[in-house]
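This report refers to the structure that appears directly beneath it.
The values are calculated or read from the model by the stated rules, or taken from the named source; none is laboratory data. Remember, predicted model here, so these are calculated numbers, not experimental data. In this analysis, Cβ positions are derived from the backbone assuming ideal geometry, glycine residues included, and neighbour counts consider all displayed protein chains.
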Amino acid sequence: MTQDATAASTNATQLSVQQRVEALLVTADRAVSTSRLAVAADATSAEVDAAIEQLNAAWADSGHVLQVQRVAGGWRVQTIADVAPVLAEAAARRGQHKLSQAALETLSVIAYRQPVMRAEIEAIRGVACGEVLRGLMERRLIRIAGRAEEVGRPMLYGTSREFLQVFALGSIDDLPEVEGLERRPRVSVTEVAPEEGSASPGNSKDEAAAASDDPSEATATDSEA
């Protein structure tokens, strides 16, 4: 080990658990689980939880607009709700591409009715949704959750971990109650690997087929998300 590396290692050990956890969280590009933080910070899970609590208290006392929140089964640094209008205005000025109304409606149906077949989505919305599903898959907001135990073994759609992170949800159970969108009981499915199907549908023959089938129930066709 070189002298510089030895010095860096020594300096790292002199940092408190709170400092190490803070450094890991503010540089992470996605939610990080307690166990991973513990390994990276050379601490116990209890110490990590305590460090996060102390960090949030310190930030709040000093007037910071950041806080550590539970997102998608892990921890992530986010801004407090009070600054949401400022960020929303900035985003609007940047002209960021937003989800279309059709995409939002389709995503809502999937979120509340998952795992759900494409035919059911189209029956609820009354329009074909192949292009919308393709767009949501490309954005990694939905995934192939499995196959229904029905004739033809149709694919079932569900939301992805990226969906939880984008909408700052700890889990699907955190979705608000919405009139007309009751959550369905679990159905029998053949599970697939976690997050499978979150990539572009062009990477999977099954996904490409799912997005290109001609629905018999549809009365119109949505544009791409």
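Residue check: is residue 26 assigned to a helix (DSSP H, G or I) and over 12 Å from residue 74 (Cβ atoms)?
Values: assigned to a helix (DSSP H, G or I): yes; over 12 Å from residue 74 (Cβ atoms): yes.
Against the criterion (assigned to a helix (DSSP H, G or I) and over 12 Å from residue 74 (Cβ atoms)), residue 26 qualifies.
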Exercise. Out of the residues in the stretch 58-83 that are farther than 18 Å from residue 24 by Cα and under 19 Å from the mean Cα position of the chain (by Cα), which is surrounded by the fewest Cβ atoms within 10 Å (Cβ to Cβ)?
Worked result: 81
Exercise. Can you find even one residue in the stretch 32-47 that is more than 23 Å from the chain's Cα centre (by Cα), among the basic types (Lys, Arg), surrounded by fewer than 17 Cβ atoms within 10 Å (Cβ to Cβ) and not in a strand (DSSP E or B)?
Worked result: no
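Could you list, in sequence order, the residues of the stretch 139-161 that are touching a Lys or Arg at 6+ places or on another chain (Cβ under 9 Å) and modelled with pLDDT of 90 or more?
Of everything in the stretch 139-161, those that are touching a Lys or Arg at 6+ places or on another chain (Cβ under 9 Å) and modelled with pLDDT of 90 or more turn out to be 140, 143, 147, 155, 156, 157, 158, 159, 160, 161.
Being out of contact with any Gly (no Cβ under 6 Å at 6 or more places or on another chain), closer than 23 Å to residue 72 by Cβ, in a strand (DSSP E or B) and touching a residue at least 40 places away in the same chain (Cβ under 8 Å) narrows it down to one of 135, 158, so name that one.
On the way: 135 fails: in a strand (DSSP E or B).
Residue meeting the stated conditions: 158.
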Seminar exercise, completed: Over the stretch 138-155, the set of residues in contact (Cβ under 8 Å) with a residue 60 or more places away in the chain and not in a strand (DSSP E or B) is 138, 139
For this session: Mind listing whichever residues of the stretch 51-93 are hydrophobic (A, V, I, L, M, F, W, C) and in a strand (DSSP E or B)?
Result: 66, 68, 71, 75, 77
Exercise. Residue 74 is checked against (1) modelled with pLDDT of 90 or more; (2) on the phi > 0 side of the Ramachandran plot and fails just one. What number does that condition carry?
Worked result: (2)
